[in-house]
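The values are calculated or read from the model by the stated rules, or taken from the named source; none is laboratory data. For clarity, every value in this text was computed on a predicted model and none was experimentally measured. Here the Cβ positions follow ideal geometry from the backbone for every residue, glycine too, while neighbour counts run over all protein chains shown. SASA here: full protein model, heavy atoms, side chains in, ligands and nucleic acids out. Shrake-Rupley method; radii C 1.70, N 1.55, O 1.52, S 1.80 Å.
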Amino acid sequence: MYVPAHFDESRTEVLHDLILQHPFGMLVTHGASGLDANHIPFELDPRQSQMGILKAHVARANPVWKDISDGDEVMVIFRAADAYVSPNWYPSKHEFHKQVPTWNYIVVHAYGRITIRDDERFVRGVVARLTRTHEAAQASPWKMTDSAKEDIDAMLKAIVGLEIDITRLVGKSKLSQNKEVRDMRGAGEALKAQGDQLIGDAMLTCASARSN
């Protein structure tokens with residue numbers, strides 16, 4: 001990923017937080033059958049390993065876990081948000097007529113070495129923790145024990161665990177930092193007005209930091 005210096009986000013804690021807040025990632029592999037991409041939810045344990053550990057599971061019928069080998073390098077892409085930015089939102093455009101459209105976004109690429117974890121205990125733990133995390137906001141959170149034991153056992157046999165030891169994190173936060181503060185603020189406010197809250201707020205926060 002091309003990351004100009006003004007768009008670089010290299011703070012590990014910030015990148016970990018983005019993954020925790022947006023855990024649905026795209027696993028990119030290059031196995032025996034060539035390039036592949038799978039979209040799956042991940043669990044991040046930032047305390048394990050130097051850069052953290054990602055854990056997930058895929059259907060046993062998914063060929064990805066047979067197409068790759070333990071120790072292969074993989075990449076997982078986590079996207080926080082993205083939004084089209086019109087040049088009409090930049091105050092300077094109306095003075096100098098030199099602005100063009102762009103697309104802003106916040107992403108993290110997590111590189112690491114993968115291990116296939118085809119064991120029931122690992123898979124059960126991953127499913128239980130993912131469920132607990134993502135059901136927490138529900139009025140009556142669903143639990144694995146809400147289903148019959150034999151159904152859960154059958155489901156666990158039908159999936160395979162994945163574990164990725166993160167070796168490198170590359171973050172890009174493209175928020176018009178190469179523009180004037182007034183242009184960042186104008187575009188951020190326009191994005192918020194049309195419902196793109198995350199990118200809009202991020203741009204306004206960046207503009208405020210630069211103006212102080």
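One residue is enough: does segment 95-116 have a residue meeting the conditions touching a residue at least 12 places away in the same chain (Cβ under 8 Å), more than 26 Å from S173 (Cβ to Cβ) and hydroxyl-bearing (S, T, Y)?
There is at least one residue in segment 95-116 that is touching a residue at least 12 places away in the same chain (Cβ under 8 Å), more than 26 Å from S173 (Cβ to Cβ) and hydroxyl-bearing (S, T, Y).
What are the residues in segment 164-212 that are in a helix (DSSP H, G or I) and charged (D, E, K, R), if any?
Initial filter on segment 164-212 (in a helix (DSSP H, G or I)): 181-193, 197-211.
Hits for segment 164-212 are R182, D183, R185, E189, K192, D201, R210.
Taking segment 2-37, which residues are among the aliphatic types (A, V, I, L, M), outside any strand (DSSP E or B) and either exposed (fewer than 11 other Cβ atoms within 10 Å of the Cβ) or at pLDDT below 95 (or both)?
Result: A5, A32.
Hey, can you tell me all the residues within segment 38-62 that are buried (at least 17 other Cβ atoms within 10 Å of the Cβ) and part of a strand (DSSP E or B)?
If the condition is that a residue be buried (at least 17 other Cβ atoms within 10 Å of the Cβ) and part of a strand (DSSP E or B), then N38, I40, E43, L44, I53, L54, K55, A56, H57, V58 are the ones that fit.
Looking at D151, D165, D196, D118, which is the one that is farther than 20 Å from F24 by Cα, among the charged types (D, E, K, R), open to solvent by 30 Å² or more (accessible area, probe 1.4 Å) and within 25 Å of the chain's Cα centre (by Cα)?
Values: D151 fails: within 25 Å of the chain's Cα centre (by Cα); D165 fails: farther than 20 Å from F24 by Cα; D196 fails: farther than 20 Å from F24 by Cα.
Result of the check over D151, D165, D196, D118: D118.
Quick check on my filter: what residues within segment 63-94 are in a strand (DSSP E or B) and among the β-branched types (V, I, T)?
Narrowing segment 63-94 to residues in a strand (DSSP E or B): 73-85.
Once the filter is applied, which keeps residues that are in a strand (DSSP E or B) and among the β-branched types (V, I, T), segment 63-94 yields V74, V76, I77, V85.
Taking the conditions exactly as written (assigned to a helix (DSSP H, G or I) and hydroxyl-bearing (S, T, Y)), does T133 satisfy them or not?
So T133 passes the test.
Looking at segment 68-115, which of its residues are of a type in the set (A, V, I, L, M, F, W, C) and open to solvent by 30 Å² or more (accessible area, probe 1.4 Å)? Quick ask: steps written out before the conclusion?
Just the residues of segment 68-115 that are of a type in the set (A, V, I, L, M, F, W, C), to begin with: 68, 74-78, 80-81, 83, 85, 89, 96, 100, 103, 106-108, 110, 114.
Selection gives M75, I77, W89, F96, V100, W103.
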